[in-house]
Amino acid sequence: MSQLVHAFAPGRVNLIGEHTDYNDGLALPFAIEDGVTVTATLATGGLIEAIAIDLGERDSFDAASPQPAAGWRAFVRGAAAELRDAGFDVRPARLELSGTVPRGSGLSSSAALEIALCLALLGLAGDEPPEAVALARICSAVEHRWVGAQTGLLDQLASLCGAAGTAVRIDFRSLAIERLPLALGEHRLVVLDSGERHAHAESGYNERRSECARACTALGIDSLRDAEPAAVEELPEPLRRRARHVLSENARVDAAVTALRAGDLDELGRLLDASHASLRDDYAVSTAAVELAVARLRDAGALGARIMGGGFGGSVLALLPPGAAAPAGAVEVRPGAGARLL
Ligand code: GLA
């Protein structure tokens with residue numbers, strides 16, 4: 001047991017492989033340098049007191065039986081409850097939450113918050129964190145049961161398994177994780193916020209997920225990873241287009257791995273563009289504000305640009321060639337270290 005713990009979990013950028021995680025597919029994310037820090041001190045009595053420094057708000061609840069709440073409080077109560085459910089000791093505590101990832105911008109502030117909370121609470125109790133997939137599942141239960149977003153494991157695994165200078169290829173069927181150097185030379189990856197906030201629980205995210213489940217039922221398979229392209233073409237709309245995106249996006253992840261290994265960044269840019277077209281036309285998760293951000297990045301000379309994360313707003317990712325000036329508001333992103341106790 002510790003008296004004081006600092007836990008940090010980074011947000012993530014997903015290079016490519018969008019809406020594939022809950023379809024047993026492939027993705028290629030990396031952890032970024034920005035994230036959420038939770039400072040936890042052991043308290044007496046039975047309460048967990050949480051303070052969201054950036055918002056100037058607080059919450060207080062019984063450590064032994066957290067009750068549902070809305071907004072950021074759902075994450076804190078959910079993290080305590082799900083850790084208890086998984087058999088971990090959750091101690092009374094005072095938690096200070098602060099972060100550098102803008103919320104709702106598609107950089108996974110939610111996953112960063114859940115993971116930093118879990119690591120802090122585990123650290124206070126003196127428990128070793130479970131391995132990455134098990135901890136990612138606990139955090140995803142927070143999203144499903146407490147926040148109401150049926151998200152997959154992409155964000156949590158990227159935050160937990162990230163390493164400086166490295167992208168992570170995740171196979172969501174086998175849960176095999178493979179690190180590969182993100183060697184971009186003089187090229188830069190930037191994100192541009194579309195300015196449109198999204199919350200997965202309220203956006204079309206859950207609807208997309210249920211459309212994929214309906215496509216599986218119609219195809220008589222458990223997962224779109226097993227879908228035959230010819231059978232997908234026979235599906236009624238919009239299921240045909242949704243499934244087609246998932247199949248083509250899985251193929252683009254492996255093409256991106258090949259391009260990175262070959263140092264072919266022009267090809268990586270083309271794959272980002274193709275991913276965006278598929279997310280816009282087949283998966284229908286883009287918005288006018290996102291299209292505007294994509295256009296600004298292409299005007300700046302981007303080799304490729306695409307909507308990132310759950311969609312319906314959030315940030316656009318682009319690959320800029322050497323010498324191209326990023327448009328106003330765009331921020332460079334680099335692969336940073338994964339979640340940890342500080
Ligand atoms: C959000 C979810 C992830 C993933 C992406 C889309 O970030 O949290 O699980 O589904 O959207 O790729």
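The values are calculated or read from the model by the stated rules, or taken from the named source; none is laboratory data. These numbers come from a predicted model, not from an experiment. Cβ atoms come from the backbone with ideal geometry, glycine included; neighbour counts cover every protein chain shown. Surface accessibility is based on the protein's heavy atoms, side chains included, excluding ligands, DNA and RNA. Shrake-Rupley method; radii C 1.70, N 1.55, O 1.52, S 1.80 Å.
A few notes on this one:
Table: residues versus (1) of a type outside the set (Lys, Arg); (2) part of a helix (DSSP H, G or I).
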| position | (1), (2) |
| --- | --- |
| Ala183 | yes, no |
| Glu186 | yes, no |
| Gly195 | yes, no |
| Ser203 | yes, no |
| Glu207 | yes, yes |
| Ala213 | yes, yes |
| Thr217 | yes, yes |
| Asp222 | yes, no |
| Arg225 | no, yes |
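- Test: residue in the stretch 58-65 that is hydroxyl-bearing (Ser, Thr, Tyr) and farther than 30 Å from Ala293 by Cα: yes
- Selection within the stretch 258-278 - crowded, with 21+ Cβ neighbours inside 10 Å and farther than 16 Å from Ala302 by Cβ: Leu260, Ser278
- Number of residues in the stretch 197-234 that are open to solvent by 20 Å² or more (accessible area, probe 1.4 Å) and either within 15 Å of the ligand (Cβ to nearest atom) or over 30 Å from Thr166 (Cα atoms) (or both) equals 26.
- Residue count for the stretch 65-104 satisfying the condition of being small (Gly, Ala, Ser), in contact (Cβ under 8 Å) with a residue 24 or more places away in the chain and either over 20 Å from Arg137 (Cα atoms) or in contact with a helix residue (DSSP H, G or I) (Cβ under 6 Å, 6 or more places away or on another chain) (or both): 8.
- Against the numbered list (1) in the same structural domain as Leu247 (by TED's automatic domain parsing); (2) part of a loop (DSSP other than H, G, I, E, B), Ala337 comes up short only at (1).
- All positions within the stretch 138-164 that are under 23 Å from Thr37 (Cβ atoms) and open to solvent by 40 Å² or more (accessible area, probe 1.4 Å): Trp146, Val147, Ala164
- Looking only at the stretch 290-334, residues that are open to solvent by less than 10 Å² (accessible area, probe 1.4 Å) and in a helix (DSSP H, G or I) come to 4 in all.
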